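To start, the structure under review is shown below, and the notes come after it.
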């Protein structure tokens, strides 16, 4: 491998991932002195299995931190800064949902039920349809005419 020597170390990994878990953004962390660049992080994710696991856990914790920050900004909003607080709330909520969709993404479900909330009933509609098309002389799916 050519170029600069890797700065990968358990101490840097710990600090980077702790900052992520505390809710800091990766792009902000990478700008700090002594912290790896974003491209270095991507390379480490490819090269170090232990880092992948630590990073994934930090991202889940970051989702929790973002969700809590969203609630904080909502609670701290005053009438004169409500619009700005809403933008912060939405941004943190959005990030939390992307980092941990199982816990923070909006969910919608649809339930299909039959009459009176019971099971859906299916009926064979081939016979009624056949009786409607029989006068026109249309062949049915078995190949015969007007069966």
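Read-outs: derived from the displayed coordinates by stated rules, not from any lab. Keep in mind that this is a model prediction, so the values were computed, not measured. Methodologically, a virtual Cβ is constructed for each residue, glycine included, from the backbone with ideal geometry; neighbour enumeration extends over all protein chains shown.
Of the helices (runs of 4 or more DSSP H) that lie entirely inside the range 48-134, those containing 3 or more residues that are free of Cβ contacts under 8 Å to residues at least 24 places away in the same chain span 49-76, 82-99, 126-133. In the range 17-36, the qualifying residues are those that are out of contact with any helix residue (DSSP H, G or I) (no Cβ under 7 Å at 6 or more places or on another chain) and surrounded by 12 or more Cβ atoms within 10 Å (Cβ to Cβ), and the one that is farthest from residue 71 (Cα to Cα) is 32.
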